[in-house]
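J.: Please find one structure pasted underneath; my questions will follow.
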Amino acid sequence: MATIAREWGRIGLLGFGGPPAHIAMLRETCVERRRWVDPERFEDGIATTNLLPGPASTQLAILTAWWLRGARGALVGGFCFIVPGLILIIALAALFLAGNPPVPVRGAAAGAGAAVAAVAAHAAWQLMPDSRRRAVGRAARARWYGYLA
């Protein structure tokens, strides 16, 4: 449980770039580095959570934690994934809404805004090989290339 708390908290705090970055970090942790989940099951989890309303990366974080440690893992993983980013967003919003934010903070925000697109594109690039391998058959490959386009 401590590992779930630490890893999901890290992803929630450092996952700049939104859902693609979160999913790539979850995949790196659960599939590649720790080998807790096989790639096919992880891809099925992505597909399943994309069908549900709401933030797919948050749902995937909760689902993977549930796979590892059941309901308690899902609660701990979800809490640790959501709360650090929530606290950071509230703090940044308070800083920006308090009036005139300091110049270094405005500069960091502008740089972060520019970097988010690059982080999201990199995360998508990392997810593509496994996704492409699972597109078996002519129709599936055509659909995969259609999605890519």
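J.: Restricting attention to segment 1-15, which residues are surrounded by 15 or more Cβ atoms within 10 Å (Cβ to Cβ) and either among the hydrophobic types (A, V, I, L, M, F, W, C) or within 14 Å of GLY77 (Cα to Cα) (or both)?
T.: Those that are surrounded by 15 or more Cβ atoms within 10 Å (Cβ to Cβ) and either among the hydrophobic types (A, V, I, L, M, F, W, C) or within 14 Å of GLY77 (Cα to Cα) (or both): ILE4, ALA5, GLU7, TRP8, GLY9, ARG10, ILE11, GLY12, LEU13.
J.: If I go through segment 1-19 residue by residue, how many of them are assigned to a loop (DSSP other than H, G, I, E, B) and within 20 Å of ALA114 (Cα to Cα)?
T.: 4
J.: Follow-up. Going through segment 20-56 one residue at a time, which ones are open to solvent by less than 20 Å² (accessible area, probe 1.4 Å) and not in a helix (DSSP H, G or I)?
T.: Scanning segment 20-56 gives a single hit, VAL37.
J.: Right, something else. Looking only at segment 80-139, which residues are more than 23 Å from GLY45 (Cβ to Cβ), under 21 Å from the mean Cα position of the chain (by Cα) and surrounded by 12 or more Cβ atoms within 10 Å (Cβ to Cβ)?
T.: ILE87, LEU88, LEU92, ALA109, ALA112, ALA115, VAL116 - these are the residues of segment 80-139 that are more than 23 Å from GLY45 (Cβ to Cβ), under 21 Å from the mean Cα position of the chain (by Cα) and surrounded by 12 or more Cβ atoms within 10 Å (Cβ to Cβ).
J.: Could I ask something else about it? Could you check VAL83 against (1) touching a residue at least 60 places away in the same chain (Cβ under 8 Å); (2) not assigned by the TED database to the domain that holds GLY45 and say which number it fails?
T.: Against the list (1) touching a residue at least 60 places away in the same chain (Cβ under 8 Å); (2) not assigned by the TED database to the domain that holds GLY45, VAL83 comes up short only on (2).
J.: Do any residues in segment 120-132 that are in the same structural domain as GLY15 (by the TED database) have Cβ atoms under 9 Å from those of residues that are in a helix (DSSP H, G or I) and loosely packed, with under 15 Cβ neighbours inside 10 Å, where the two are at least six apart or on different chains, and which pairs are they?
T.: That search, which allows pairs on different chains as well, returns nothing.
J.: The conditions are (1) surrounded by fewer than 10 Cβ atoms within 10 Å (Cβ to Cβ); (2) under 24 Å from GLU28 (Cα atoms); (3) among the small types (Gly, Ala, Ser), and GLY146 fails exactly one of them. Which is it?
T.: Unmet for GLY146, out of (1) surrounded by fewer than 10 Cβ atoms within 10 Å (Cβ to Cβ); (2) under 24 Å from GLU28 (Cα atoms); (3) among the small types (Gly, Ala, Ser): (2).
The values are calculated or read from the model by the stated rules, or taken from the named source; none is laboratory data. On a predicted model such as this, the values are computed, not experimentally measured, just so you know. In this analysis, Cβ positions are derived from the backbone assuming ideal geometry, glycine residues included, and neighbour counts consider all displayed protein chains. These area figures cover heavy atoms from the full protein model, side chains too; ligands, DNA and RNA do not enter into them. Shrake-Rupley method; radii C 1.70, N 1.55, O 1.52, S 1.80 Å.
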